[in-house]
Structure formats: structure tokens, C-alpha cells
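Structure record follows, encoded as C-alpha cells.
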Amino acid sequence: EPPAPPRSARDWLLLFCKMLAVVAGVVALVARGASGEVFRFKLKRLEKAKRRMRSKVEVRSVGSGEEIIIKDYENAEYYGSISVGTPEQAVSVIFDTGSSNLWVPNTKPVLSSHSIYDHSASSTYVANGSTFAIEYGSGPVSGYYSRDNVVVGDMTLENYLFAEVNDTSGFGASYRLEKFDGILGLAWPSISVDGVPTPLQAMIDADLLDENCFAFSLGDEADGELVFGGVDEAKYDGDFDYVPLSSKSYWEVTLDDFLVGDASATNATKAIVDSGTSLLAGPTAEVAAVAAQLGAKEVGSTGEYFISCDADAPDLTFTLGGNAYSLSLSEYVIEDEGECILGMSGIDIPAPTGPLWILGDVFMRKYYVKFDIDGEQIGIATAV
């Protein structure tokens, strides 16, 4: 386990780069199946002084299910456990609404503590061998397809087609220190690499969900959870406001406007709600202009902006479906030991997909988001 790093400018840059990766996704997992039975996978946040990875996993019985305590790291990574094979082999994954494939590693990088999947140890493994390759904002990974049983909460996806990844070098050396092993995509079939059925399709086809939806509550100095097959009414206040999807690819909606204070700050008309992105992200020029309006200062040409933690800075407001969703300064910065970094990064996505804004974990920590598959919409409520 590496020691907790000091917060020099270089360390902040490394943390910022980590946040730009695909890390982000989950908290705890609640799977509500057709039987109505609920299994909870709760994510415990470490106190700031203790935000280093711990190897201990605590398991205890909770009613008819089990509660597994897992970790949140630096408000930059949210991850949970699934199992693959027979007997079950546990791996940690990012639950990512910005991609649609499931992959797990079968090779452990040197000097890493990653868990891996060994198909030779599984009695339900079925070889496929077709080549798999996918590229994220943080880089590419590759390997090959296989079939095996995949367990998510209390749901078993039998003989599921997923990827074994043997090359994670595209993620760089930092992957050795990451807390997640693989990625489980929760976006739409249209962006599934090679058109393979997505994990959500497999759940729906097997009639494993009471309701074809899932919902996130991302913890901020608190536990969080992901619910499959419903929502957790204790995790949000009031009613959902629903926003129809503009594209069934990512969870993409129309962006009516983005305001800094009362001033419009974007020409983009699209937004993606993405649990696999730690920050807010938008066109590079717009991010730079927003940072200037807020009084944030860029470190060199890194795209990383520092801002005073007690700055007199205006709210940021995203308007979706005619409703305004605001973030105050304390909600859009990442603070540690008295230093604050703007929780926003530049990303230029060409037409026709872009330009767009990505509403990552900075947004999803404040707002409880229901991803409604049958309704082809997202529901947004204030998280509690």
C-alpha cells in the first residue's frame, strides 16, 4: 500500500490526471431482482487523513443478503465488486455510464495488487478468443472475448460474453496503483464495441430486474450506492424531474444552457451524465473562460486550475429539460488540506458527437440520478 501522498503542485497534477481517467463510477451496489430481494454493497468513505487503500474487506449478513464494505478513494474513484467464474473470482470494477462493455484483467501488472480473472480456474468458462479493443479518455486496453458466469449483486448473468484484458498499458503506469481492476459499462447497445450484448441487456433479457432502470447515489464524505431495478427513496429529496434522452448511445440529453452566475458560458447543446468521469468536462476554450470568470489560475499549460477555497465565486448552473441544476463553489471544487482545485477539465469532442459537456461525479454527488431504460430518460432529484 503506497503512503498517502503530500499535496505538492505535482501531486495535485497527478491526482487531476487520475480524475480525468475513466475512474469514477460506483459506490455501493443495491440489486433489486424480480424476487424483490435486495443485496447491498455499501461504499465506505475513508476519513481524509486515512484516504489510502485498505486491503481489508468486511463482510457481514444483512437480512437475506449481505453487506460488503468497499472503499471510495479521494472523491476520484468509486468502485464495487463483481464476481466471474465458478467458483466465483472477485474483481473490482468501475460502473461506467459512459461505456457499454464489461472487461476484467487476466494479467496483473508488475508491482500491482490488482485482482485478476483466471479462466483456467473456472468450470463454467467457455472459450471465444475473438479480439477485443476499446479506447477510453484515459487510453486503450485490449484482449479477447470469453464466456463465463458473471455475478452482479444477487444477479447471475449466465454464459455472458465479456472481455479478458491482457494489455492495460494504454492506461499508463498509474493503473498499477488504481483501486479498480476492470470496467462494467452501463450505456446503450449502440456504443458496445463489436455489438456484444451489454450487461444491462443481459439483465433485462433474463428478467432479473423489477423495473428496467438503475440509480446512483455518490457519497461525499459518506456512503453511497448504485441500485439496479429501482431507486432508493431514502437517498433523494422531493420528486424526480425527467429529461428525455437526445441519443441512445451515452446517457445524452439536450443542454439548454450552462451559466456562470447569470451569464451563459457555452455554445454546446448536448450533455452526457457519466459516472465514469470524475469531474465536469467541456470544450477546452469554454473551460478556460469559466476558470477566468471564477478567478481560478492555471498551473502552467496543464489544464489544471487552482482556486481559493473561500473565493467569492458564483454558482455554476446546468439547465436540462427546462430545470436548473446549480453547484456552489464547495460543490465544484476538490478540496484537500486547505487547497482547492477546480473540478473541471477541457475536452474537445468533434461533431457530430460534440461539442458537449460531461456531467461527471462532481454533478452526481449533489444530484441523485435515475437512469430509466424503458422511459429512455434520466430522472434527477437532489441527493440527501
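P350 meets the stated requirement of being within 22 Å of E286 (Cα to Cα) and without any contact (Cβ under 8 Å) to a residue 12 or more places away in the chain.
Checking T302 against (1) open to solvent by 40 Å² or more (accessible area, probe 1.4 Å); (2) modelled with pLDDT of 95 or more; (3) among the polar types (S, T, N, Q), which test does it fail? The single condition T302 does not satisfy is (2).
Consider the range 355-375 and keep the residues that are assigned to a loop (DSSP other than H, G, I, E, B) and under 20 Å from the mean Cα position of the chain (by Cα). The one that is nearest to A215 (Cα to Cα) is I373.
From the list S174, S247, the lone residue that is part of a helix (DSSP H, G or I), in contact with a helix residue (DSSP H, G or I) (Cβ under 9 Å, 6 or more places away or on another chain) and closer than 29 Å to Y332 by Cα is S174. Of all the residues in the range 335-363, those that are among the β-branched types (V, I, T) and either on the phi > 0 side of the Ramachandran plot or open to solvent by less than 10 Å² (accessible area, probe 1.4 Å) (or both) number 2. Here is the figure for the range 260-299: residues that are under 26 Å from the mean Cα position of the chain (by Cα) and basic (K, R) total 1. Criterion applied to Y145, Y117, Y125 was being modelled with pLDDT of 95 or more, buried (at least 24 other Cβ atoms within 10 Å of the Cβ) and farther than 16 Å from G276 by Cα, and the one residue passing it is Y117. Counting just the residues of the range 200-259 that are open to solvent by less than 30 Å² (accessible area, probe 1.4 Å) and among the charged types (D, E, K, R), which one comes out nearest to the chain's Cα centre (by Cα)? Top of the filtered list is E225.
The values are calculated or read from the model by the stated rules, or taken from the named source; none is laboratory data. Worth saying up front: this structure is predicted, and the values here are computed from it rather than measured. Positions of Cβ are backbone-derived with ideal geometry, glycine not excepted, and every protein chain shown enters the neighbour counts. The area values use the complete protein model at the heavy-atom level, side chains included, leaving out ligands, DNA and RNA. Shrake-Rupley method; radii C 1.70, N 1.55, O 1.52, S 1.80 Å.
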